Amino acid sequence: MCAATAEALREEGLRGVVVDATSGAGTHPLAAAWSSASLGRLGAEAGADPLPATHWASLASIQQLSALLHVRDALDAGSDTVIVDCGPLDRARQLLELPTIVLRVLDAALTPRLAMRRRVPPDGSPTDPATDPPPTLFEEFEGIRGEVASLAAALAHPATTMRLACLPEADSVDRILRATALISMMGVSVDGLVANRCGRKADGWAKELLAQQDAQVARLEGAHSGALVWRSTTRVRAVPKGRSVVGPLGGTAVLDEQTAHLTAQDEEYVLDLPLVGAAATEAQVGRLDDALVVAFDGVHRWLTLPPVLRRCRATSAVRTEAGLRVSFVPDMSVWRQDARGSAA
Amino acid sequence: MTARRQPWWFSGDDAEQPDAVVDEDSGPDRPDGGLDEDSVSDGSADQGEPEPVVTGSRPGGDDASSNGIEWTALLAGAQRMVDWATEKVLAPHAEHTDPADHPQCVVCRTMVLIGEGRSLVTDDEPVTDPQGAGAEDVEAESGPVPATGEIMWIPIREQVREP
């Protein structure tokens, strides 16, 4: 599918680059430096024995970060479109989730205590701060955080879309529909669902088999996710006939801070969270400090609460056809009060 | 020529000062030749540029020991402060289990202010099932009680079908 998309781009005179995120892209030098120089250093300063850099680079998450860094490099090099082969759905989900997880870990690590740590030379020799000011772990981690934040922003960019392919079989359609709900909840729009390797009557397929695959394609279309559905045969079709490969094709409603709609009512605030498919009927919602978390299929989507809701208590939530509606009431212990002591 | 006496607040860790010694025969600042008692900290005559000084008398008075500090008096005072703190603050605080219940206690109030006063979760506290089971027990009017470091799951009460 990725190769077909790249070919379609070339036919339209556009420059596309394919990045293989299933470890084919290799370890990015920056990711290797992060893992060995920073994480390894943190462990060494905590008393762990040093590990060879290749050990760190072999971690799956380092490979996924490498793939995202390769994507960023391709964009910086001036490519019109970067096509990322995410592999199976589970890998695609990990790839999308990774920057957010790393950001939260780094946020937890960037404490004043870490800011006070100074570099300890491997040989124990003293350093001269005047000639070679050593970066602190805090400064190193802060730099990594900035890079990872840019990767997360690129993933959540409105121009980023995903196209999912499945076989016209019941299990495969089930998985792709749940993946569509999950990926949309993670903030990335799914613009196309491809029923791949569909049989044709001209190829001698039995009438019953054709009816079964028609039923599965109808399930994809009946989900009304917003993504465009099309069929592909043994000859892979990157986009439906007559469509441009760069779209627009379709698009699912994504969940992020901009699409979460806040409404002030008489005695409460209501926050509408757009969700599609199974996420709308199964997702749980919770709160931790100033963040709202939506959980579905083992993935947690973190959203920063609007300022007014940080002074409120979440009382309940109801499911709507468009997602979840969460109710908040002012928390009078932290609510702004006027000089007479009444709520302002 | 003798070494000039440093002010009481000067640690002496800095580099040598070229004017660290003066001629003791140089005249006093006051026109009458006497010493201005308000401009000295320990009864000795400081000369040269004006220095920050402490006015008033010390417990030892002008008859204090040669280094200007009465260590015995200081130690006795410190011991009395420790005894007082033990008797009036620490002993009552030892019986306080939840700092939030004792706003009059200095230690409890300090713990609350620095954010370490939250008591640990006890067995009799309500627990919300992360998957929503048992969430009906949480009253809608009061709302879920936030817990530090844990996601507080919001009860999803009903299904609304929009036309």
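The values are calculated or read from the model by the stated rules, or taken from the named source; none is laboratory data. What you see is a predicted model; the values in this text were computed from it and never measured. Cβ atoms come from the backbone with ideal geometry, glycine included; neighbour counts cover every protein chain shown.
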Conditions (1) within 11 Å of chain B (Cβ to nearest Cβ); (2) under 17 Å from the mean Cα position of the chain (by Cα): number failed by A:VAL299: (1)
Exactly one condition in (1) within 17 Å of A:ARG237 (Cα to Cα); (2) touching a residue at least 60 places away in the same chain (Cβ under 8 Å) is not met by A:SER189; state its number. (1)
Take region A:167-186 and flag every residue that is surrounded by 22 or more Cβ atoms within 10 Å (Cβ to Cβ) and within 14 Å of A:SER232 (Cα to Cα). A:PRO168
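Given A:ARG310, A:ARG319, A:ARG301, which one is among the basic types (Lys, Arg) and not in a strand (DSSP E or B)? So that I can check it myself, show each step before the final result.
On the way: A:ARG319 fails: not in a strand (DSSP E or B); A:ARG301 fails: not in a strand (DSSP E or B).
Answer to the check: A:ARG310.
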From the list A:ASP272, A:ASP214, pick out the single residue that is over 25 Å from A:ASP331 (Cβ atoms) and free of Cβ contacts under 8 Å to residues at least 60 places away in the same chain. A:ASP214
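Is it true that some residue in region A:123-145 is hydrophobic (A, V, I, L, M, F, W, C), modelled with pLDDT of 75 or more and closer than 24 Å to A:GLY298 by Cβ? Full working, then the answer.
Filtering region A:123-145 down to residues hydrophobic (A, V, I, L, M, F, W, C) leaves A:130, A:137-138, A:141, A:144.
Within this subset, residues satisfying the condition of being modelled with pLDDT of 75 or more are A:137-138, A:141, A:144.
Now drop any that are not closer than 24 Å to A:GLY298 by Cβ, which leaves none.
No, region A:123-145 has no match at all.
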Restricting to region A:70-103, and then to whatever is out of contact with any strand residue (DSSP E or B) (no Cβ under 6 Å at 6 or more places or on another chain) and assigned to a loop (DSSP other than H, G, I, E, B), can you tell me which residue is farthest from A:ALA32 (Cα to Cα)? A:ASP80
Would you pick out the residues in region A:288-307 that are free of Cβ contacts under 8 Å to residues at least 12 places away in the same chain and closer than 14 Å to A:LEU96 by Cα? A:GLY298, A:HIS300
Test A:LEU95 against the stated conditions and say whether it is modelled with pLDDT under 85 and closer than 26 Å to A:VAL236 by Cα. no
All-but-one check, A:ARG319 against (1) at the interface with chain B (Cβ under 9 Å from one of its Cβ atoms); (2) in contact with an Asp or Glu (Cβ under 6 Å, 6 or more places away or on another chain), failing number (2)
List, please: which pairs have Cβ atoms under 6 Å, are six or more places apart or on different chains, and start with a residue in region A:29-54 that is under 15 Å from A:VAL148 (Cβ atoms) and end with one that is among the polar types (S, T, N, Q)? A:ALA31/A:SER66
